[in-house]
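The values are calculated or read from the model by the stated rules, or taken from the named source; none is laboratory data. All values derive from a computational prediction rather than experimental measurement. Neighbour counts run over all protein chains shown; Cβ positions are idealised from the backbone, glycine included. Areas reflect the complete protein model, heavy atoms only, side chains present, ligands, DNA and RNA absent. Shrake-Rupley method; radii C 1.70, N 1.55, O 1.52, S 1.80 Å.
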Amino acid sequence: MLESFGRHGGFDLQIETQGDLHIDMHHTVEDTGIVLGQAVTGSLRRFQGIRRFGTAYIPMDETLRRCASTCPTGPT
């Protein structure tokens, strides 16, 4: 999923994680998603030049994904 996220998002993506994978990978996957979201938000520089709404249908492997997103229009 991360590989597809980077490819369809049009950016290079390299993630390295550490966690208690021998016990349960759920929290490591969850934390990775949180940090990735924070990194994307931090890179958008107050969302300048970003359209407020966006939708897309994306074929990914054996599934068709639909994504709808909204970004704040200014500082919060």
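Among Met60, Met25, Met1, what's the order by accessible area (1.4 angstrom probe), most exposed first? All intermediate terms of the calculation are to be shown ahead of the outcome.
Numbers: Met60 25, Met25 120, Met1 160 Å².
These residues rank, largest area first, as Met1, Met25, Met60.
Report the full-extension gain for the segment Ala39 to Leu13: residue separation times 0.36 nm, less the Cα-Cα distance, to one decimal in nm. Walk me through the numbers on the way to the answer.
Details: separation 26, 0.36 × 26 = 9.36 nm, distance 1.12 nm.
Answer, rounded to one decimal: 8.2 nm.
Which order do peptides 9-22, 31-44 fall in by mean Cβ count within 10 Å, highest first?
Details: 9-22: 9.3, 31-44: 11.4.
The densest-packed peptide leads the list: 31-44, 9-22.
Pulled fully out, how much extra length does the chain show between Arg65 and Thr28, if you take 0.36 nm times their separation in residues and subtract their Cα-Cα distance? Before the final figure, lay out each step's value.
Values: separation 37, 0.36 × 37 = 13.32 nm, distance 2.36 nm.
Gain in length upon complete extension: 11.0 nm.
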